[in-house]
Amino acid sequence: MKKIFASSAFRASLCGGSIQNTDGSFTWEHGPSDSAPGHANITGPIGMGLVSAYGDTGDSDHLTGATKAADYLVSKTSAWVGTYNPFFLLKTYDATGTTAYKDKATEFFTQLDASTYVGSSGTYNTAGYISAIESGRAGVWNNLRPWEFAPLAYAAQREGTAAQTTAFTTALTDGIEALNSSNPSSYYSDILGLSGGVFGLGITGTEFDPTAGSFASAGSTSDLADELASLQNANGSWYWHSNLTSPGTGDEDSQTTAYAMLALMSVNTSGQYDSEIVAGRNYLLGAQLGSGGFPSYPGGPENIEVEGEVVWALSASVPEPSLDLLIGISLVGLVGVGAARKIKRKTVANS
C-alpha cells in the first residue's frame, strides 16, 4: 500500500513543490510551480488527495499541502466552486478543526439560498446552479451529471437547507436516470457516471430505484453497485465506457477505476465488494510510474487531477474499506475520456 508514496519527489511536488503553485492552487500538467495559473475547480479535488494521503500515512506534509489548497479557496470571493470543493473544505475542516473551511462551504449554500452566489457566468440561486451544471453536461458529457452532483448532495446534507438537500439529491438521481451507454462516440464515460451515481447514493445514504436510462433494470442502490462491479475487467481495471466495440489496453482508465473503487467502498456494508476493491487497488498500484505518479491510461500522459483521484482511492482502500474512511479522507477531480481519449480541461461547475 505504501508504494503510492515510494517516490519522495512525487510526494514533495504535491506538497507545495514543483506541482502545487505557491498560492495553493494546481494545474493539470506537471511542471514548475507557478508555470501556469491554477484552476479553482480542480484545486479542491487535488487537495483532497493530500488529505486522503495524510489520513493513510500521517505525514504532516500532506496535510500542509491540503490546507494550502483550502486556504486558496477560502481567499476567493467568486467563481470558486468546482462541484467537489465544498466537499473538500468540509473534509479538511474535519481533519484540522479550522472553522474557516467549514464556514466557506456553508457560505456557498447560504449564497445560493439568497440568490447571491457569483460565478464565472452569472449570479445563481440553487435551482439556477443545478441548471447550469445540467446544461454544461449536455450532449457528449451527459453521463457526467451524477459525478458532478454526488459531492454537492453530501455537502448540502451537512451545510445546506432541507430544500437544498432535496434539490441536489434529486439532481443526482435525475442524472442516474439520464445515463446513456448506447454509443461511446455520442455519450462519453458512462461507467464514470455510474460510479459517481453510486458514490453519491452511498455517501448520502440514499436508496434509489431508477426507472429510466441505461441502468433502469436496477431496482435499488445495491443493484446499481452490482452492475458497476460486473463491469470490472479481469485485471482489476474498468474501461472508460461499457459499450466499446473492440476494447484494448489503452481503454483501461485510471480515473474510472479509482471512482469505481470509491463507489463500491461507499456501499460496501458487509464486505461484499472487497474482492473488486482489492483488484482495483492492485491494478492501480501496478500502473504506478517510476516517478511515483500515475498515467491516465496505459501509455498515456500524467494528469495531476487524475493522479489525485488515484491516490484517494488507494488511500481509502486500506486494508478493510469503510465509509468513515472514504468520506473523511477524500480527493476528487475529473478527466473525461471520449472515443478519441478526449481530456476534460475545466469542470463546468467552476461557476
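Quick rundown of the values:
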item	result
Positions within the stretch 238-257 being more than 14 Å from Ser189 (Cα to Cα) and either under 22 Å from the mean Cα position of the chain (by Cα) or buried (at least 24 other Cβ atoms within 10 Å of the Cβ) (or both), in sequence order	Gly250
Cross-chain or 6+ apart pairs with Cβ under 8 Å, the stretch 262-277 first and farther than 14 Å from Leu194 by Cβ, then of a type in the set (Asp, Glu) and surrounded by fewer than 22 Cβ atoms within 10 Å (Cβ to Cβ)	Asn268/Asp274; Gly271/Glu320; Asp274/Glu320
Scope the stretch 199-229; condition under 15 Å from Thr257 (Cβ atoms) and surrounded by fewer than 22 Cβ atoms within 10 Å (Cβ to Cβ); matching residues	Ala229
Failed item in (1) surrounded by fewer than 18 Cβ atoms within 10 Å (Cβ to Cβ); (2) touching a Phe, Trp or Tyr at 6+ places or on another chain (Cβ under 7 Å); (3) not aliphatic (A, V, I, L, M), with Gly196 passing the rest	(1)
Criterion: at pLDDT below 85, part of a loop (DSSP other than H, G, I, E, B) and touching a helix residue (DSSP H, G or I) at 6+ places or on another chain (Cβ under 7 Å) - qualifying residue of Gly292, Gly299	Gly292
Selection status of Leu179, in contact with a helix residue (DSSP H, G or I) (Cβ under 7 Å, 6 or more places away or on another chain), in a helix (DSSP H, G or I) and surrounded by 22 or more Cβ atoms within 10 Å (Cβ to Cβ)	no
Residues being touching a Lys or Arg at 6+ places or on another chain (Cβ under 8 Å) and among the β-branched types (Val, Ile, Thr) - total across the stretch 92-132	0
Condition check for Thr77: out of contact with any helix residue (DSSP H, G or I) (no Cβ under 6 Å at 6 or more places or on another chain) and more than 21 Å from Gln255 (Cα to Cα)	yes
Close pairs from the stretch 204-218: first free of Cβ contacts under 8 Å to residues at least 24 places away in the same chain and in a loop (DSSP other than H, G, I, E, B), partner among the small types (Gly, Ala, Ser) and surrounded by fewer than 13 Cβ atoms within 10 Å (Cβ to Cβ), Cβ under 9 Å, at least 6 apart	Asp209/Gly219
Hits in the stretch 232-269 (condition: in a helix (DSSP H, G or I) and acidic (Asp, Glu))	Asp251
Answer from Ala138, Ala163, Ala171 - the residue that is small (Gly, Ala, Ser) and either within 17 Å of Gly200 (Cβ to Cβ) or buried (at least 22 other Cβ atoms within 10 Å of the Cβ) (or both)	Ala171
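So that you can scan it fast, the table gives a plain yes or no per residue for (1) over 19 Å from the mean Cα position of the chain (by Cα); (2) under 18 Å from Gly293 (Cβ atoms); (3) of a type in the set (S, T, N, Q):
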| residue | (1), (2), (3) |
| --- | --- |
| His30 | yes, yes, no |
| Gly44 | no, no, no |
| Val51 | no, no, no |
| Asp71 | yes, no, no |
| Ser78 | yes, no, yes |
| Pro86 | no, no, no |
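The values are calculated or read from the model by the stated rules, or taken from the named source; none is laboratory data. Everything quoted here is computed from the prediction, not taken from an experiment. Backbone-built Cβ (ideal geometry, glycine too); neighbour counts: all protein chains shown.
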